[in-house]
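The values are calculated or read from the model by the stated rules, or taken from the named source; none is laboratory data. Bear in mind that the values here come from a model prediction, so they are computed numbers and not experimental data. Note that each Cβ is placed from the backbone with ideal geometry, even for glycine, and that neighbours are counted across all protein chains shown. The area values use the complete protein model at the heavy-atom level, side chains included, leaving out ligands, DNA and RNA. Shrake-Rupley method; radii C 1.70, N 1.55, O 1.52, S 1.80 Å.
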Amino acid sequence: MKTMWLMVALTGLSGCAALTPTHEENEAETNLPSTPILSVINDDVCVFNNTVEAVKENCDLAYWVGLWVQADNTAWPLRKNQITALGETPADKLQKILLSMPVDTPYQDRLRAKHWLDEVTPLFTPEIQQAVATLVASPNDQMLEYESAISMLSKVNTQRALNIESLKVELEAQRKKLEELLQIEATLMDKNRSTQQ
């Protein structure tokens, strides 16, 4: 039963990975395992390898998927408080990562989650490393790239708007000077006509 729910959750969550661009590669060049990951992941697969002190939920994949789904249904301010309350153990960091994955997470917090993920990934079992790379790391990296590009475009647009405003002010000052010069010229021409008469 756990395996069925895990496969349903992993299949649903892998939809995010489908949004990333694909590259046509020669089969000889790919490093894909010969066995599909879902056939390797079963009830006996644990999240953390033997170097990590055992946690109760280590081999309960349904627990971790449940945390991820629950995080997706929780508002960011509440998740931020939950993240703050967690410690620095690998299990706590994994929970922080899952709490940071929903799309409403601010850029800086998503970036911090990427660093946590880089720290704990070597502690995962090989099967979980593959699953996390596809389901968590790739979509999160793509989202960070998009947000970074949007931020850069926003800064460029703001700078351009400021430049346009500055040019408008300068143009108005030049227009006033031109009007003053035209007024002086008209006055001089009037004086010149009156002296000639």
Qualifying residue in region 150-165 (condition: more than 30 Å from P102 (Cα to Cα), assigned to a helix (DSSP H, G or I) and among the acidic types (D, E)): yes
Near pairs, Cβ below 7 angstrom, 6+ apart or cross-chain, from region 123-134 (surrounded by fewer than 18 Cβ atoms within 10 Å (Cβ to Cβ)) to any residue that is at pLDDT 90 or above: Q129/T121
So A186, is it open to solvent by less than 80 Å² (accessible area, probe 1.4 Å), assigned to a helix (DSSP H, G or I) and in contact with a helix residue (DSSP H, G or I) (Cβ under 7 Å, 6 or more places away or on another chain): no
Unmet criterion (only one of (1) buried (at least 17 other Cβ atoms within 10 Å of the Cβ); (2) not in a helix (DSSP H, G or I)) for V103: (1)
Residue match in region 84-105 (condition: farther than 24 Å from Y63 by Cα and either in contact (Cβ under 8 Å) with a residue 40 or more places away in the chain or of a type in the set (S, T, Y) (or both)): no
Test: residue in region 26-44 that is polar (S, T, N, Q) and at pLDDT 75 or above: no
Residue within region 151-158 that is among the small types (G, A, S) and either buried (at least 18 other Cβ atoms within 10 Å of the Cβ) or modelled with pLDDT under 90 (or both) present: yes
Among residues of region 54-73, those that are in contact (Cβ under 8 Å) with a residue 24 or more places away in the chain and farther than 15 Å from E127 by Cβ, counted: 8
Identity of the residue in region 106-116, in contact (Cβ under 8 Å) with a residue 24 or more places away in the chain and part of a helix (DSSP H, G or I), that ends up nearest to A149 (Cα to Cα): Y107
